[in-house]
Amino acid sequence: MERVYPPKVRPKYKIGDHIKGYSKFVHIDGVPKFPEEDDDIQKLMGLEGNPTQFYSLMNSISLDQISCDKDIPVETFDLTKKNYNRQTGLSIEIPKEALELHTIQARVEKSQNSHFRIDERTARYCRNKCLNPINKSTEGQMDLVPFEEIVISLHFYYPFKYEPDHQSYQIKFCQEYLVLGSQKLSVLRDKIYCSAVNGPFCEISENPDAAREPVEDNSAFIFITDTFYNDFSRPDAKDYSSPIIEWAKNIEEIDELKAAEMDDVKFEDLTVRFGYPQLYQHYGNCEHIFVFSDVRLLQPSDVLQRAQYPFLRTISNNRCHICFICGVNSVKYLVRGCERQITDPTLYCQICYNKYLYVNGKKRGDFEAFPYAQNQPCK
């Protein structure tokens, strides 16, 4: 596929071979445990029981020692912080020549106003919400050892309808998952959230409380580099990759494609190009673009319980859709063709749907209703 969509400059890496070589650089001869706390460092330095000398030494090599009173203050960047203050640095003396500029004068006047609302600019990352999972004592012991396991970051994006003549469309970030290199691809497949799991989205206005049949086709594959990793763990699973591979044989620009089972492959055995788009497809034609974003060794500050991986690390901060009627509750139904609603279609919560469109359980007027699923679980 790289002949069809040429990659940038990043080379391919076999994850396990490339990263595990770094683990030898973090081990210290004669030290069974990597120093994580100040007490560990004191012991290695022979300063155990002498905290005064230790902290005096630490202060002498602190980066604060190379600071200057005239340095521009730098605000610590925090991914989870929604806004940051653009006033940072205004305490610095402004040259007299600069005060002649109208833009500087306006800025100074605005900052000196006691009722001035701090001018904040939304950071790009505030569109996403970091979940920060922690070790759970109820789920067993810490069975992962720092620097002896690989952690991989995968970014998934919302499905979208591609139009060849519409080049301005930008895909939107949806979820980030952290997986272990020793885990199999099938473990991740079970964790990925998609609203399609709530289907089928059939017309239900005549009997909205009737139980819906589950989606019949729950087959899936993950396409990475040049291989389709199929999931055959479900009953009656279909091989989505076979017709695609046969079709690609007649396309000169596409190199040979292969197929395997995702339950037979670990992440550390993959050869990938970081930042290059890969594909997860399920429920027929529901496609999710994803990329390998980062890979590193497990840190002491990470979750050290294998049972928690893969876990959802970041989600899009897009708001859940709210009911058009009450403006409070999250949406459960989409209704179209109703003469009693101002907009068509209209989104309803469960309460407004029952009270506005039904009397004693009977449908009022002529309309079509469909179950509605959010793009992600409402938090």
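The values are calculated or read from the model by the stated rules, or taken from the named source; none is laboratory data. The structure presented is a predicted model; accordingly, all values stated were derived computationally and were not measured. All Cβ positions, glycine included, derive from the backbone under ideal geometry; neighbour counts span all protein chains shown. We work out accessible area using only protein heavy atoms, side chains counted, and drop any ligands, DNA or RNA first. Shrake-Rupley method; radii C 1.70, N 1.55, O 1.52, S 1.80 Å.
No other residue among L90, L154, L131 is at pLDDT 85 or above, surrounded by 12 or more Cβ atoms within 10 Å (Cβ to Cβ) and hydrophobic (A, V, I, L, M, F, W, C) apart from L154. The set of residues from region 244-263 being within 13 Å of T227 (Cα to Cα) and either in contact (Cβ under 8 Å) with a residue 40 or more places away in the chain or not small (G, A, S) (or both) comprises I244, I245, I254, D255, E256, L257, K258, E261, M262.
Checking each residue in region 1-50 for being of a type in the set (V, I, T) and either more than 26 Å from the chain's Cα centre (by Cα) or not in a loop (DSSP other than H, G, I, E, B) (or both) picks out V4, I15, I19, V26, I28, V31, I41. Checking each residue in region 228-257 for being in contact with a Ser or Thr (Cβ under 7 Å, 6 or more places away or on another chain) and open to solvent by 100 Å² or more (accessible area, probe 1.4 Å) picks out only K238.
Residues that are out of contact with any strand residue (DSSP E or B) (no Cβ under 7 Å at 6 or more places or on another chain) and either under 17 Å from S182 (Cα atoms) or assigned to a strand (DSSP E or B) (or both) within region 248-300 comprise D264, D269, C286, Q299, listed in sequence order. Are any of the residues in region 306-314 aliphatic (A, V, I, L, M), open to solvent by 20 Å² or more (accessible area, probe 1.4 Å) and in contact with an Asp or Glu (Cβ under 6 Å, 6 or more places away or on another chain)? Yes, some residue in region 306-314 is aliphatic (A, V, I, L, M), open to solvent by 20 Å² or more (accessible area, probe 1.4 Å) and in contact with an Asp or Glu (Cβ under 6 Å, 6 or more places away or on another chain).
Given the structure, is R313 in contact (Cβ under 8 Å) with a residue 40 or more places away in the chain, of a type in the set (K, R) and farther than 21 Å from F201 by Cβ? Yes: the conditions hold for R313. A single member of D78, D69 is at pLDDT 75 or above and either surrounded by 12 or more Cβ atoms within 10 Å (Cβ to Cβ) or more than 28 Å from the chain's Cα centre (by Cα) (or both), and it is D69. Scan region 1-35 residue by residue and report those that are open to solvent by 100 Å² or more (accessible area, probe 1.4 Å) and without any contact (Cβ under 8 Å) to a residue 12 or more places away in the chain. Scanning region 1-35 gives V9, D17, K24, F25, D29, P32, K33. Taken across region 236-254, residues that are among the small types (G, A, S) and in contact with a helix residue (DSSP H, G or I) (Cβ under 9 Å, 6 or more places away or on another chain) do not occur at all.
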